[in-house]
Amino acid sequence: MDNKQIAITQFGEPDVLKLQTSPIPQPQAGEVLVKVAFAGVNPIDVKTRAGLGWAATQNKDNLPWVPGYDISGEIQQLGDNTQRFSVGDKVAGFIGFPLQGGGYSQYVCVPESALSLVPDSVMLEAAAALPLGGQTAAQALDKSQLKEGEKVLILAGAGGVGHIAIQIAVAAKAEVYTTCSEANLDYMATLGAHAINYQFSPVSQRLQDIDVLIDLVGGDAALDALKCLKDGARVISVPTISAEMICEKAKLLGFEASGMLVDPNPEQLDTMLYMVSVGLLKTEIFATYPLEQAMDAHRQIETGHTRGKVLLDMQ
Ligand SMILES: NC(=O)c1ccc[n+]([C@@H]2O[C@H](COP(=O)([O-])OP(=O)(O)OC[C@H]3O[C@@H](n4cnc5c(N)ncnc54)[C@H](OP(=O)(O)O)[C@@H]3O)[C@@H](O)[C@H]2O)c1
């Protein structure tokens with residue numbers, strides 16, 4: 001049996017993504033072999049494919065390279081000295097971040113310590129939607145030290161990171177504001193956020209006295225959002241490409257500001273999977289593409305208007 005994978009063969013448009021086959025890998029000591037059911041597609045995969053960012057720089061002499069950091073699936077085989085899982089267990093993980101990737105594969109070997117058990121009541125689609133995006137949301141909010149009763153503005157609440165960030169902030173009893181296009185106003189309200197249509201007018205004309213800004217858009221939208229903040233507000237700017245510029249501007253205005261790089265944390269994923277299992281967190285899946293259509297999945301992310309997550313069906 002072969003291991004079908006989607007690889008970046010050279011940097012460029014989505015058509016540089018090609019199907020390749022390789023032997024099914026053998027787990028080393030401490031690793032397990034996962035039969036991947038779903039792989040999450042993230043903006044970083046798309047940027048790397050286009051040759052942008054540090055994952056592209058680091059892998060430029062290493063093409064074809066298989067991207068993908070989010071997986072869910074089933075344990076197929078156990079390596080020596082493993083003890084956490086049994087064959088057949090359902091698992092999810094944020095794997096190979098940032099340089100190794102490998103999630104766009106039907107089979108992948110992963111250190112067992114990098115995986116979380118997926119509760120029976122959680123669909124494998126939902127589990128694949130959570131790792132990178134969900135942990136970015138949780139870690140950005142942790143870093144901001146958002147407190148009960150504070151006003152938080154989350155730019156791009158409808159995206160893969162944003163829709164989870166809103167739910168965590170609502171659960172923390174913050175007063176949650178978000179920006180989205182007209183098409184997502186109702187969806188944002190169902191998650192418990194006050195939604196502001198950025199296509200109608202700049203958010204700075206609609207909001208003030210915000211304690212915490214979680215910037216998931218960057219650039220001009222983030223600069224405009226700084227005008228909504230109260231004295232001493234905290235800013236977390238997540239898109240790495242403009243984070244430094246936004247933070248410099250924010251600090252000049254007297255705010256506390258920092259960028260962030262998400263850090264895989266299996267215990268945090270355990271918690272999020274538990275929250276999904278008891279109905280405290282809902283994942284939104286915009287579309288699931290067969291692995292052969294990975295190009296279309298990348299094109300969808302490139303629209304900049306994906307609601308929730310895009311997945312690849314790997315089997
Ligand atoms: N630093 C890190 O560790 C890290 C980790 C994860 C992600 N990121 C970065 O964080 C950003 C967000 O990631 P993501 O996965 O959430 O992206 P995503 O899912 O592709 O975001 C799509 C969403 O952005 C919204 N959007 C687009 N333009 C907007 C605007 N001007 N104002 C408000 N909303 C807008 C869209 O809503 P509408 O359709 O309603 O416009 C859509 O729902 C990306 O740049 C990503 O690369 C960084």
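Once a ≥ b ≥ c are taken as the square roots of the eigenvalues of the Cα gyration tensor of the range 35-187, is the result rounded (a/c under 1.5), prolate (a/b larger than b/c) or oblate (a/b not larger than b/c)? List each step's numbers first, then the result.
Working: a/c = 2.17, a/b = 1.42, b/c = 1.53.
Oblate is the answer for the range 35-187, as a/c is 1.5 or above yet b/c matches or exceeds a/b.
Carbon and sulfur together cover what percent of the accessible area of the range 133-259 at a 1.4 Å probe radius?
C and S atoms contribute 50 percent here.
Expressed as a rounded percentage, what relative contact order does the range 1-142 have, with Cα pairs under 8 Å and six or more residues apart?
Relative contact order comes out at 29 percent.
Using DSSP, restrict attention to beta bridges with both residues in the chain and report what percent are antiparallel, rounded to the nearest 5.
The antiparallel proportion sits near 55 percent.
Which stretch or stretches of the range 254-277 have amide N atoms under 12 Å from the point lying 7 Å from residue 145's Cα along the Cα→Cβ direction?
Residues passing the 12 Å test: 256-257.
Which one, 51, 81, 27, is farthest towards the positive end of the dipole of the chain when Lys and Arg carry +1 and Asp and Glu -1 on their Cβ?
Value: 51.
Given Cα pairs under 8 Å that are at least 6 residues apart, what percent is the relative contact order of the range 133-259?
Normalised by residue count, the contact order of the range 133-259 is 21 percent.
Between residue 171 and residue 58, with labels modelled 7 Å along Cα→Cβ, what's the label distance in nm to one decimal, could you check?
2.9 nm
Would you please classify the overall shape of the range 120-215 from the alpha carbon gyration tensor, given that a ≥ b ≥ c denote the square roots of the eigenvalues, rounded means a/c under 1.5, and beyond that prolate means a/b larger than b/c while oblate covers the rest? Walk me through the intermediate numbers first.
Details: a/c = 2.06, a/b = 1.37, b/c = 1.51.
Taking the square roots of the gyration eigenvalues as a ≥ b ≥ c, the range 120-215 is oblate.
Using a 7 Å offset from Cα along Cα-Cβ at residue 9, what residues in the range 291-315 end up with backbone N under 19 Å from the label point?
The answer is 291-299, whose backbone nitrogens lie closer than 19 Å to the label point.
For the chain, what relative contact order do you get, as a whole percent, if you take Cα pairs closer than 8 Å and at least 6 residues apart?
It rounds to 19 percent for the chain.
Please arrange 36, 278 by accessible surface area, largest first, computed with a 1.4 Å probe and ligands excluded.
278, 36
If R0 is 35 Å, what FRET efficiency do you get for residue 208 and residue 84 from their C-beta distance, rounded to 0.05? Present the calculation step by step, with values, prior to reporting the outcome.
Values: r = 49 Å, r/R0 = 1.40.
It comes out at approximately 0.10.
Classify the chain: rounded, prolate or oblate, from the alpha-carbon gyration tensor (a ≥ b ≥ c, eigenvalue square roots; a/c under 1.5 rounded; otherwise prolate if a/b is larger than b/c)?
prolate
Counting just the Cα atoms, what span does the range 60-129 cover along each of its three principal axes? Round to the nearest Å and put the largest first.
Sorted largest first, the three principal extents are 40, 30, 18 Å.
Could you check the simple spin-label distance between residue 22 and residue 1, using points 7 Å along Cα→Cβ, in nm with one decimal?
1.8 nm
Cα atoms only: what Rg and Dmax, in Å, come out for the range 203-315?
17.6, 52
The values are calculated or read from the model by the stated rules, or taken from the named source; none is laboratory data. Note that the coordinates shown come from a computational prediction; the quantities given were computed from them, not determined experimentally. Every residue, glycine as well, gets a Cβ built from its backbone with ideal geometry; the counts of neighbours run over all protein chains shown. Only protein heavy atoms, including side chains, enter the accessible area calculation; ligands, DNA and RNA are left aside. Shrake-Rupley method; radii C 1.70, N 1.55, O 1.52, S 1.80 Å.
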